[in-house]
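My structure is below; once you've seen it, I'll send some questions.
Laboratory data are not the source of any read-out in this text; all were calculated from the coordinates shown. Just so it is clear, the model here is predicted, and its values are computed rather than measured. Don't worry about glycine lacking a Cβ; one is built from the backbone with ideal geometry, like all the others, and counts go over all protein chains shown.
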Amino acid sequence: MEAAFTVVSIGTKLAQASAQRDVGAAQQASYERQAEQAELRGRSEAIAYKQKGSEALKRLNETLAAIIARAGAGGVDPTSGSAVTVQQFAMGEGIEEFNIAADNAALALGEGYTQGGIYRSAGSIAKKTADVAALGSVGEAAYMAGQLI
């Protein structure tokens, strides 16, 4: 009777080892999906920042056109004097806004890939931990089997 109990215990330990490996693989797959989502979120945010940069350049173009048109309508040379000073100021502000948006896009992209890497590392660790636990269960089963002999 005791031998039958031991055989059942061995089978249970082996089933436990298989389940532990399956859980580890499922956790790794879950972390991989989270990594993909983090990278996608980073790319999406980068696109949004690039769009903001594009809008900043569009507004700059409109501002420059308005400055030149108003200067010309007022009888002032739009290529010299205060008209140029105002244009240069507008260009400085517009280019700064564009550059900030470009920097933010790069940061968002980098953050997405960094977060993805963190999730992938967590998945790898979860899988390795489950494999070690499964190996422990197999070892216990082997020990029990050795007790039968």
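Using R₀ = 41 Å, calculate the FRET efficiency as 1/(1 + (r/R₀)^6) where r is the Cβ-Cβ separation of Asp103 and Thr129; round to 0.05. Mind dumping the intermediate values first?
Working: r = 39 Å, r/R0 = 0.94.
Once the sixth-power term is evaluated, E becomes 0.60.
In addition: Neighbour counts of other C-beta atoms within 10 Å: give me Leu60, Leu107 arranged from fewest to most.
Leu107, Leu60
Let me ask something else. Aspartates and glutamates near Lys58 by alpha-carbon distance under 12 Å, same-chain residues fewer than 8 away left out - which ones?
Glu97
If you don't mind, another one. Please list the three semi-axes, largest first and in whole Å, of the ellipsoid equivalent to the chain, using sqrt of 5 times the eigenvalues of its alpha carbon gyration tensor.
Those come to 71, 10, 5 Å.
Then there's this: Mind pulling the angle between the C-alpha long axis of helix 81-148 and the longest principal axis of the chain? Nearest 10 degrees, somewhere in 0 to 90.
Orientation of helix 81-148: about 0 degrees from the principal axis.
Put a dot 7 Å past each Cα toward the Cβ at Arg41 and Ile68; how far apart are the dots in nm?
Each label point is offset 7 Å from its Cα along the Cβ direction, giving 4.4 nm.
Find which of Thr129, Val23, Met91 sits farthest along the positive direction of the dipole of the chain, computed with +1 on the beta-carbon of Lys and Arg, -1 on that of Asp and Glu, about the Cα centre.
Looking along the dipole axis, the top candidate is Val23.
Which residue, Ile125, Ile67, Ile47, tops the fluctuation ranking in a GNM of the chain built on C-alpha contacts under 10 Å?
So, out of Ile125, Ile67, Ile47, the one fluctuating most is Ile67.
Would you compute, from DSSP H runs of 4+ residues alone, the mean residue ellipticity of the chain at 222 nm, taking -39500 (n - 2.57) per run and dividing by the full residue count, rounded to the nearest 500?
-36000 deg cm²/dmol
Also, I was wondering about something else. What residue among Gly116, Gly72, Gly139 shows peak mean-square fluctuation when the chain is described by a Gaussian network model with Cα springs under 10 Å?
Gly72
Compute a Gaussian network model of the chain, connecting alpha carbons closer than 10 Å, and tell me which residue from Asp22, Asp131, Asp77 fluctuates the most.
Answer for the Gaussian network model of the chain: Asp77.
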